[in-house]
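The values are calculated or read from the model by the stated rules, or taken from the named source; none is laboratory data. None of these values were measured; they are calculated from a predicted model. Don't worry about glycine lacking a Cβ; one is built from the backbone with ideal geometry, like all the others, and counts go over all protein chains shown. To get the accessible areas, we keep the full protein, side chains included, count just its heavy atoms, and leave off ligands, DNA and RNA. Shrake-Rupley method; radii C 1.70, N 1.55, O 1.52, S 1.80 Å.
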Amino acid sequence: MEIINWLIDTVLLGAHVILSFLPPVAGLTWLAAVVGAGMVWIFGRTSDQAAVARVKRRIQAGMLELRLFVDEPGISLRAQRGLIGANLRYLLLALRPALWMMIPVGLLLIHLGAFYERAPLPLGEPAIVTMGMSDLWDPSSPPPELIAAPGVAVLGSPVRILASREVSWRIVPNFTGSRTLRFRFHGEVASKWIEAGGAHGFVPGKSVRSFWSSVLSPGEGRIHADFAEWIEIRYPEADFRVFGARVNWLVWFLAVSMVAGWFLRKRFGVVI
């Protein structure tokens, strides 16, 4: 499991280096086109191409029947039944390629949120850092100590939410770039990477202790202290724009990947 986690972190680091050098729109468009090409290639290698071609011909023939015999209810009804059956057959043929693509593409989208879903904390404005405590924590005991990094001010005392076993701090970042917050409790130390004041870049998500949760939560690695289950910073939403208009990054990614796949299907000799 540790090897898998290391591989994920290595891939993330490589993506961080590549995407950090490109403007947001250029980086996401390039990556979406590559993913679209990859999905077409996987579809061609994991699907029954001969059966897909036959089903597509049947769908085209059914559509033609509906146009030619629009005034013949019996023929139109038979054509509609044939179209429904052909479309269901196509969905079944596409199921196996979809299963092959679902896990890698899903993980990629989750981790791309670190680049395009969150923005660094604005300078001089309060932000909330929350820690989910483990079952070993006694709510009546003092909370962990937050050791602020240079350029980070801690406002007031931490707030404990006993029902959900959470401890929250208010901080104010006065730096540009990356810093590390450290939390000390009973001789153990947990850390959390924080981004503030910069432009587009990698903004880590929730830090977690569980291995499986770490796969779905891009960040700076797992928490190895027993007192904390997770640590999260409430980052603002990133402002992703295409030609001056604000667009949801996920919608843009899916649209570009589908268009790229559609135009590359013939080059790869794939029937979709």
Between residues in region 91-118 that are among the charged types (D, E, K, R) and residues that are outside any helix (DSSP H, G or I) and open to solvent by less than 70 Å² (accessible area, probe 1.4 Å), which pairs lie under 6 Å by C-beta distance while being six or more apart or on different chains? GLU117/ALA238; ARG118/VAL203; ARG118/TYR235; ARG118/ALA238
Return only the number of the condition from (1) at pLDDT below 85; (2) aliphatic (A, V, I, L, M); (3) in a helix (DSSP H, G or I) that ALA61 does not satisfy. (1)
Determine whether LEU108 is at pLDDT below 85 and either in a helix (DSSP H, G or I) or over 29 Å from ASN248 (Cα atoms) (or both). yes
For region 263-272, give me each residue that is outside any loop (DSSP other than H, G, I, E, B) and either charged (D, E, K, R) or in contact (Cβ under 8 Å) with a residue 40 or more places away in the chain (or both). LEU264
If I filter region 205-229 down to residues being assigned to a loop (DSSP other than H, G, I, E, B) and closer than 21 Å to VAL105 by Cβ, which single residue comes out as most open to solvent (accessible area, probe 1.4 Å)? LEU216
How do the pairs read when you match residues in region 187-201 that are acidic (Asp, Glu) with residues anywhere that are surrounded by 15 or more Cβ atoms within 10 Å (Cβ to Cβ) and in a strand (DSSP E or B), using Cβ under 7 Å and keeping only pairs 6 or more apart or on different chains? GLU195/LEU121; GLU195/SER178
Report the residue count in region 230-247 for those that are within 13 Å of VAL25 (Cβ to Cβ), open to solvent by 50 Å² or more (accessible area, probe 1.4 Å) and in a loop (DSSP other than H, G, I, E, B). 3
Can you say whether LEU66 is open to solvent by less than 80 Å² (accessible area, probe 1.4 Å), part of a helix (DSSP H, G or I), on the phi < 0 side of the Ramachandran plot and in contact with an Asp or Glu (Cβ under 8 Å, 6 or more places away or on another chain), as far as the supplied structure shows? no
Which ones in region 116-152 are out of contact with any Asp or Glu (no Cβ under 9 Å at 6 or more places or on another chain), outside any loop (DSSP other than H, G, I, E, B) and more than 22 Å from HIS200 (Cα to Cα)? GLU145, LEU146, ILE147
Name every residue in region 110-121 that is hydrophobic (A, V, I, L, M, F, W, C) and crowded, with 16+ Cβ neighbours inside 10 Å, in order of residue number. LEU112, ALA114, PHE115, ALA119, LEU121
In region 187-201, the residues that are more than 24 Å from ALA153 (Cβ to Cβ) and modelled with pLDDT of 85 or more: GLY187, GLU188
